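Below you'll find the structure, written out as structure tokens, and then a few comments.
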């Protein structure tokens, strides 16, 4: 992990018309680290991720990725962002009318001038990296939820991004599949030096992949704890954080 | 054996009229006690006039546990289930007006985005998704042949029957052929085809696009730098613009054939019917109808996709988008048809 901040979030306020989910949120993500955004349901984790990827406009505040400021809605601001980021959505969001390999090839077709053979080769390599090379010609509706998420990771890394945003990568999966995805994240992080920003509330995933984390809370409308997951687990002073990490009910109330 | 519902009203009415200090319920004959039973007990406790109290005797231990669980989780409906706030007339009118102008703004913005994407397709035909467009053409066009043919045949048939009766009185039965030929090529062929496509294909476009929206596929496109309008809408608009005039030609012929059936049954030979139509219907009538149908096709596909992209959330949102797509398409087709009628009148087509 580098000490250079690759993402800086400054005084960010986010939500939807009439609803503020979080206010004045500030944090930095360093190059090469696996950064986890965690919190209970409805605290704004996914919204924060959508703001960071330029899909939703923040109500206030700034986000800088590398040296560029991210602003939702403007086409010009998204072009540089796309050059070094990839996003995996909660349900994979694979394009249903395309096979897995076509899904992975799509960013290559859109942003490179590679010939067809080269694109096929790269797409297959990315699929093999996530263990899906045998399913390259399958349509998304023929594969399981875990495979969809892995295929979505393959598509997200098609352009070799420096930063990968993952929204709930292991949610709704059985423990073994969930662990496979976490293992994949670790492998990609270690071999390709990708910076990961992972939104999750799965404790096992947080401990396995997280190096540093922030915890959002819907009542506080902001960050209530930050640090390494192991430190947060022992943070008895903050009842909500302690309850979250130790699966307790009374302390959270 | 009585259920809770059967005794609820009677029990609550009786307890409200209690004048004594306390009431004792004998629970000996209570064989089953669930959340409804607990709700009744809690209601009775709240309904008894002060300072009255309720006691229960011979309460089964299990039943008492059930009651305690629901007592602990009691939430007063009057406190939590607030009546929905109703807007007064000015507020309601204001909200609807703002919503209308927002809709107009979005429609104008979408038209701009679509125009830009179409222009991009013309400039870069290599980037255009020909295969997707062909697939849509097959689904929206070729697969619609039967329903378009059936509707057109029935329209031609009914129109001929309705016209033949009064025209027979003047011995002008054969002029039904003129009516059918002109009506089908200029008006009913394009219009009926468009209405069938709005219900069949426009709604499918809205549902497909809406499902993609709620499955975050549209967001995924943005994150990999793909313009959803170029990627999804343009192939559909192109396919519909191509399929609608072809279906219209088919509808014209089938409608004319439907009308012909009526005249044949009235002993008018095929050759006379055909000659009458060929004498009356000009190439300009056909072309006028086909130009309309191209525009209708574009409007149907664009409206369907626009409504799909507006989908808010969940499967319910897709249903709303689909309904809105059909309604908007039919209204837009009717308005466009009226504008064409005025234009053709001015141009003397």
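The values are calculated or read from the model by the stated rules, or taken from the named source; none is laboratory data. Here the structure is a predicted model, which is why all the values come from computation and not from measurement. For neighbour counting, all protein chains shown are included, and Cβ atoms are generated from backbone atoms with ideal geometry for every residue, glycine included.
Of note:
- Within the range A:1-43, being assigned to a loop (DSSP other than H, G, I, E, B), in contact with a helix residue (DSSP H, G or I) (Cβ under 9 Å, 6 or more places away or on another chain) and within 20 Å of residue A:87 (Cβ to Cβ) holds for A:32, A:33.
- Looking across A:164, A:108, one residue alone is within 14 Å of chain B (Cβ to nearest Cβ) and in contact with a strand residue (DSSP E or B) (Cβ under 6 Å, 6 or more places away or on another chain). It is A:164.
- Among (1) in contact (Cβ under 8 Å) with a residue 40 or more places away in the chain; (2) within 24 Å of residue A:195 (Cα to Cα); (3) at the interface with chain B (Cβ under 9 Å from one of its Cβ atoms), the one test that residue A:96 misses: (2)
- Test for residue B:243: is it under 20 Å from residue B:201 (Cα atoms), more than 14 Å from chain A (Cβ to nearest Cβ) and touching a helix residue (DSSP H, G or I) at 6+ places or on another chain (Cβ under 6 Å): yes
- Among the numbered conditions (1) more than 8 Å from every other protein chain (Cβ to nearest Cβ); (2) modelled with pLDDT under 90; (3) over 19 Å from the mean Cα position of the chain (by Cα), the only one that residue A:102 does not meet is (2).
- Where residue B:37 falls short, out of the listed (1) out of contact with any helix residue (DSSP H, G or I) (no Cβ under 6 Å at 6 or more places or on another chain); (2) at negative phi: (1)
- Scope the range B:93-136; condition farther than 17 Å from residue B:305 by Cβ, within 14 Å of chain A (Cβ to nearest Cβ) and surrounded by 11 or more Cβ atoms within 10 Å (Cβ to Cβ); matching residues: B:95, B:127, B:130, B:134
- Note on the range B:307-322: residues that are surrounded by fewer than 13 Cβ atoms within 10 Å (Cβ to Cβ), without any contact (Cβ under 8 Å) to a residue 40 or more places away in the chain and in a helix (DSSP H, G or I) amount to 1.
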